[in-house]
Protein chains: 2
Amino acid sequence: MKDLEQKIRSFTPVSDSDMEFGLQFYKREELKKGSHLIQPGQYIHDFYFMKQGCVTYYTIEDGITRVMEFFTDGSFFTDLYPYIEEIPSESYLEVTEDSVVYTISKSDALKVFDHSHALERFGRLSMQKAFINNFQRMNRIKNLSNQERYLQLLERRPSLFQRVPQYLIASYLGLTPVGLSKIRKRLSKQ
Amino acid sequence: MKDLEQKIRSFTPVSDSDMEFGLQFYKREELKKGSHLIQPGQYIHDFYFMKQGCVTYYTIEDGITRVMEFFTDGSFFTDLYPYIEEIPSESYLEVTEDSVVYTISKSDALKVFDHSHALERFGRLSMQKAFINNFQRMNRIKNLSNQERYLQLLERRPSLFQRVPQYLIASYLGLTPVGLSKIRKRLSKQ
DNA sequence: CGTATTTATTAAACCAGTTTAATTAGAATC
DNA sequence: GATTCTAATTAAACTGGTTTAATAAATACG
């Protein structure tokens, strides 16, 4: 779990004994492409760290799939709102690529935060970072054209386009597959 | 500062002595409508709690004002990214209504988090809440029509429409004033 | 007050997306 | 390798916004 340890330490210093205490609760899991970590109706008991792979976070409303996020290498994730509120999820976390995650249960995570002020701080700082990332993403969505956002995504996360089918990327960008295809065509003509 | 204290305790239990320690660093400030808490180029030293009033958080790019948020009674706020990274802001925090805020400097806030595990936890939980709010807002932006979002805003924060001119609300919704006016007209005809 | 200024609405032309449906391209499976 | 299924592209008609400009309504102020 060197990668997880390193990730945590990139936020704030943590003593070896606190780190050892925290890491003992994480379990390594191998996930097969096509399986579901979470489906609508389920309660969310766990928090995940993606060691390697890709999970797509989406909902289906009125038959329309809406991709909210792709979680790839090095990211912490879960379906946070139902996780916190202890209500059933309305979303999917679908394994889009064979993956390896480290999993910690909510009750264990709370034990860790209780036990270690440093790891509680890590929790605060990682949440802060998640907030900022998301805030910036929201402002991109609001202020940029679809074409600009497509180009930015190409630049910021080029590997996504190898890993994930285009219609899911379209959904992530808030477009229809037809719309994304038109944008690509327009760009290729220039 | 009863309201601030209550707000903090709504997140997690905090002992009286920790609370006293934390609150001592907050300063009450009265802000006049039209003044600026933050302007582009400035470094952000403080974190704010809005006791009462309204502050508009926006940028101006290519002469276009883009409203990112309205901070009203009971919310914690600052220009978070420059605050954390200690880089100059590119945004405005403009007082849109005579307001009262409690202010704490970044260095004092760090002291508080160092001193009290409970308040560090409050920091984590409040950031978590901010993240979720924002995530849900982003998904509204992505998945709802402009008309639906206008109606939701009317329902969720009706007082905004009394406090803030319509062209700023249009910007907040990602519309032009003309666009919002059309939506309102369409709705009034039904 | 009446005048100046700002804010909101309306109209017209335009455009970047949508929907639906047909076609082509690519992948998986027998 | 042919067949089947899924994904991506294209076309055509449509729609909900945009921009620009003019007008009307509301607000501020000398």
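Which of the following residues is more than 12 Å from DNA strand C (Cβ to nearest atom) and away from chain A (no Cβ under 14 Å): B:Gln166, B:Gln136, B:Gln162, B:Gln152? Outline the logic, then answer.
Details: B:Gln166 fails: more than 12 Å from DNA strand C (Cβ to nearest atom); B:Gln136 fails: away from chain A (no Cβ under 14 Å); B:Gln162 fails: more than 12 Å from DNA strand C (Cβ to nearest atom).
So the residue among B:Gln166, B:Gln136, B:Gln162, B:Gln152 that is more than 12 Å from DNA strand C (Cβ to nearest atom) and away from chain A (no Cβ under 14 Å) is B:Gln152.
List every residue pair whose Cβ atoms lie under 6 Å apart, where the two residues are 6 or more positions apart in sequence or sit on different chains, the first residue falls within region A:137-165 and is at negative phi and of a type in the set (A, V, I, L, M), and the second residue, located anywhere, is in a helix (DSSP H, G or I) and more than 14 Å from DNA strand C (Cβ to nearest atom).
A:Met138/B:Met138
Please enumerate the residues belonging to region B:87-97 that are within 19 Å of the chain's Cα centre (by Cα) and away from chain A (no Cβ under 12 Å).
Within region B:87-97, the subset within 19 Å of the chain's Cα centre (by Cα) is B:88-97.
Within region B:87-97, B:Pro88, B:Ser89, B:Tyr92, B:Leu93, B:Glu94, B:Val95, B:Thr96, B:Glu97 meet the criteria.
How many of the residues in region A:98-131 are under 25 Å from A:Val164 (Cα atoms) and facing another protein chain (nearest Cβ under 8 Å)?
Qualifying residue count for the region: 2.
Have a look at B:Val67, B:Val101 and point out the one that is modelled with pLDDT of 95 or more and within 18 Å of B:Gln24 (Cβ to Cβ). Lay out the reasoning, then the answer.
Working: B:Val67 fails: within 18 Å of B:Gln24 (Cβ to Cβ).
From the options B:Val67, B:Val101, the qualifying one is B:Val101.
So for region B:112-123 (the condition being more than 16 Å from DNA strand D (Cβ to nearest atom), outside any helix (DSSP H, G or I) and either at pLDDT 95 or above or within 22 Å of A:Gly174 (Cβ to Cβ) (or both)), does at least one residue qualify? Can you show your working first?
Initial filter on region B:112-123 (more than 16 Å from DNA strand D (Cβ to nearest atom)): B:112-123.
From the residues that got through so far, the ones that are outside any helix (DSSP H, G or I) too are B:116.
Among the residues that remain, those that are also either at pLDDT 95 or above or within 22 Å of A:Gly174 (Cβ to Cβ) (or both) are: B:116.
Looking through region B:112-123, at least one residue is more than 16 Å from DNA strand D (Cβ to nearest atom), outside any helix (DSSP H, G or I) and either at pLDDT 95 or above or within 22 Å of A:Gly174 (Cβ to Cβ) (or both).
Here are some conditions: (1) under 27 Å from B:Thr59 (Cβ atoms); (2) within 12 Å of DNA strand C (Cβ to nearest atom). A:Asn143 meets all but one. Which one does it not meet?
All conditions pass for A:Asn143, except number (2).
Report, ordered by the first and then the second residue, all pairs with beta carbons closer than 6 Å, sequence separation of six or more or different chains, a first member in region A:171-190 that is under 20 Å from A:Ile141 (Cβ atoms) and away from chain B (no Cβ under 14 Å), and a second member that is at pLDDT 95 or above and more than 10 Å from DNA strand C (Cβ to nearest atom).
A:Pro177/A:Tyr167
Take the residues in region A:139-149 that are over 27 Å from B:Gln128 (Cα atoms) and in a helix (DSSP H, G or I); name whichever of them is farthest from the other protein chains (Cβ to nearest Cβ). I'd like the intermediate steps shown before the answer.
Step one: filter region A:139-149 for residues over 27 Å from B:Gln128 (Cα atoms), giving A:145-148.
Next, from what is left, pick out any that are in a helix (DSSP H, G or I): A:146-148.
Values: A:Asn146: 11, A:Gln147: 16, A:Glu148: 12 Å.
This residue is A:Gln147.
Going through region B:151-176 one residue at a time, which ones are part of a helix (DSSP H, G or I), of a type outside the set (S, T, N, Q) and more than 8 Å from DNA strand D (Cβ to nearest atom)? Spell out how you get there, then give the answer.
First, pick out the residues of region B:151-176 that are part of a helix (DSSP H, G or I): B:151-156, B:160-163, B:166-172.
Narrowing the set further to residues that are of a type outside the set (S, T, N, Q) leaves B:151, B:153-156, B:160-161, B:163, B:167-170, B:172.
Answer for region B:151-176, where residues must be part of a helix (DSSP H, G or I), of a type outside the set (S, T, N, Q) and more than 8 Å from DNA strand D (Cβ to nearest atom): B:Leu151, B:Leu153, B:Leu154, B:Glu155, B:Arg156, B:Leu160, B:Phe161, B:Arg163, B:Tyr167, B:Leu168, B:Ile169, B:Tyr172.
Among the residues of region A:148-159, are any touching a helix residue (DSSP H, G or I) at 6+ places or on another chain (Cβ under 8 Å) and modelled with pLDDT under 95?
No, because not a single residue in region A:148-159 is touching a helix residue (DSSP H, G or I) at 6+ places or on another chain (Cβ under 8 Å) and modelled with pLDDT under 95.
Which ones in region B:123-148 are among the hydroxyl-bearing types (Ser, Thr, Tyr) and either crowded, with 17+ Cβ neighbours inside 10 Å or touching a Leu at 6+ places or on another chain (Cβ under 7 Å) (or both)?
Step one: filter region B:123-148 for residues among the hydroxyl-bearing types (Ser, Thr, Tyr), giving B:126, B:145.
Selection gives B:Ser126 alone.
Can you tell me which of (1) in a helix (DSSP H, G or I); (2) within 16 Å of DNA strand C (Cβ to nearest atom) is the one A:Ala130 doesn't meet?
If we test A:Ala130 against (1) in a helix (DSSP H, G or I); (2) within 16 Å of DNA strand C (Cβ to nearest atom), just (2) comes out false.
Here are the criteria: (1) touching a residue at least 12 places away in the same chain (Cβ under 8 Å); (2) exposed (fewer than 15 other Cβ atoms within 10 Å of the Cβ); (3) farther than 25 Å from A:Arg137 by Cβ. Tell me which single one B:Asp114 does not satisfy.
(1)
The values are calculated or read from the model by the stated rules, or taken from the named source; none is laboratory data. As the structure is a computational prediction, the values presented were derived from the model and not from experiment. Counting neighbours? That spans all protein chains shown, and the Cβs are built from the backbone with ideal geometry, glycine included.
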